[in-house]
Amino acid sequence: TDKEKKYVIGISQCMLDDAWRQEMIREVEIEASNYDNIQLVIKDADSNNDRQIKQIRELIAQKVDILIISPFQSDPITGVAEEAYRAGIPTIITDRKVNTDQYTTFVGADNYELGFTAGRYAARYLPPHATILEIWGMMASSPAQERHKGFQAALKDRTDLAFRPIEGDWRYDVAVKCLKDIDFSQPVDFVYSHNDMMAIAARERFLALDSVRGRELHIIGMDAVAHAGLEAVADGRINASFLYPTGGEQVIRTAMQLIRGEQVDKYIPLLSGQVDQAAAQTLLLQSERLSNYQQRIETQRNRMLELLNRFYFLQDSLGIIMLL
Ligand code: FRU
């Protein structure tokens with residue numbers, strides 16, 4: 001009933017205009033719809049540190065019961081994350097890290113390990129003295145740094161390799177721009193992209209060049225999320241990807257545990273895995289099935305609400321008739 005206390009979960013998202021983050025919010029909303037006693041307040045910082053800091057301060061001032069932060073850049077968001085935690089608000093950090101241990105828990109996959117697995121995969125396709133084009137995510141965000149370090153570590157014995165780094169900022173459009181300056185007639189043997197959208201940009205650029213006609217180029221990305229990279233792996237535009245779960249479901253579950261006063265671990269790991277073409281095709285089928293189920297659940301929920309309304313209406317009308 002309305003008298004029951006509603007708990008407010010504030011979510012500060014660094015941006016929303018990409019498939020991976022939209023999937024995160026979708027998972028958040030589906031998981032949250034299992035509970036009647038929570039209300040979500042979602043803020044979109046639109047890729048701007050100052051805006052994210054301001055929005056987090058608003059959520060602190062509003063005294064949300066739980067705060068979830070998906071930081072834009074790690075350093076700039078550290079201070080305000082600490083402010084929230086010190087104000088006594090249980091604070092969940094997800095995806096990108098902040099440089100402090102003043103938060104309640106971190107939910108996310110291990111990006112160093114993702115990079116390491118990608119490096120081991122790459123080793124199978126790298127000829128001697130290969131040149132690797134590495135398309136970085138935003139260098140000031142922890143997943144880019146960790147995906148780079150893990151990849152390097154897996155290939156540390158390959159002193160013959162050459163790296164050509166570019167910074168794609170995690171974005172397809174930025175990667176498209178940077179890739180214009182890359183001369184693919186100078187040998188590029190392999191593309192390691194920190195996410196799938198930038199990997200797709202690399203494939204498109206490569207295919208558009210006359211100078212490389214007939215040549216093959218192995219390109220890998222990360223995320224393997226539906227409506228973006230997963231389709232690209234399934235249809236062969238990207239050779240492989242590595243699953244980077246959004247954690248939308250887990251952050252809400254964790255929030256509920258904290259609301260119930262339960263202890264949670266300081267790190268809640270999300271599992272990853274290699275996604276080649278066959279795996280991508282299977283995952284796509286699965287994700288379609290899941291969204292069908294979800295739709296059926298929603299239809300049933302709506303039907304139930306309709307029935308309930310009719311019932312209350314009947315009850316009210318009966319009450320009035322009795323009074324008369
Ligand atoms: C989405 C994204 C993902 C990437 C993650 C890293 O905004 O760029 O592609 O895996 O953020 O924080």
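Brief remarks on what is shown
- Index of the failed condition, Arg203 passing every other in (1) surrounded by 18 or more Cβ atoms within 10 Å (Cβ to Cβ); (2) within 25 Å of Val28 (Cβ to Cβ); (3) of a type in the set (D, E, K, R): (2)
- Filter pass, Met24 being surrounded by fewer than 19 Cβ atoms within 10 Å (Cβ to Cβ) and in contact with a Ser or Thr (Cβ under 6 Å, 6 or more places away or on another chain): no
- Some residue of the range 294-313 being closer than 27 Å to Ala109 by Cα, touching a strand residue (DSSP E or B) at 6+ places or on another chain (Cβ under 9 Å) and not hydroxyl-bearing (Ser, Thr, Tyr): no
Condition check ((1) touching a strand residue (DSSP E or B) at 6+ places or on another chain (Cβ under 8 Å); (2) closer than 19 Å to Leu114 by Cβ; (3) crowded, with 21+ Cβ neighbours inside 10 Å) across all residues:
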site: Ala228; (1), (2), (3): no, yes, yes
site: Ala234; (1), (2), (3): no, no, yes
site: Ala240; (1), (2), (3): yes, yes, yes
site: Arg253; (1), (2), (3): no, no, no
site: Gln257; (1), (2), (3): no, no, no
site: Gly261; (1), (2), (3): no, no, no
site: Val264; (1), (2), (3): yes, no, no
site: Ile268; (1), (2), (3): yes, yes, no
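- Answer residue from the range 147-175, given it is of a type outside the set (Val, Ile, Thr) and in contact with a Gly (Cβ under 6 Å, 6 or more places away or on another chain) and is farthest from Ser70 (Cα to Cα) among those: Leu155
- Hits in the range 122-176 (condition: within 20 Å of Ala240 (Cα to Cα), assigned to a loop (DSSP other than H, G, I, E, B) and within 14 Å of the ligand (Cβ to nearest atom)): Gly137, Gly168, Trp170, Arg171
- Positions within the range 215-269 being within 16 Å of the ligand (Cβ to nearest atom), hydrophobic (A, V, I, L, M, F, W, C) and not in a strand (DSSP E or B), in sequence order: Met222, Ala224, Val225, Ala226, Ala228, Leu230, Ala232, Val233, Ile238, Val251
The numbers here are math on the coordinates, done by the rules we state, and not lab data. No experiment lies behind these values; they were computed from the predicted model shown. We place every Cβ from the backbone using ideal geometry, glycine too, and count neighbours over all the protein chains shown.
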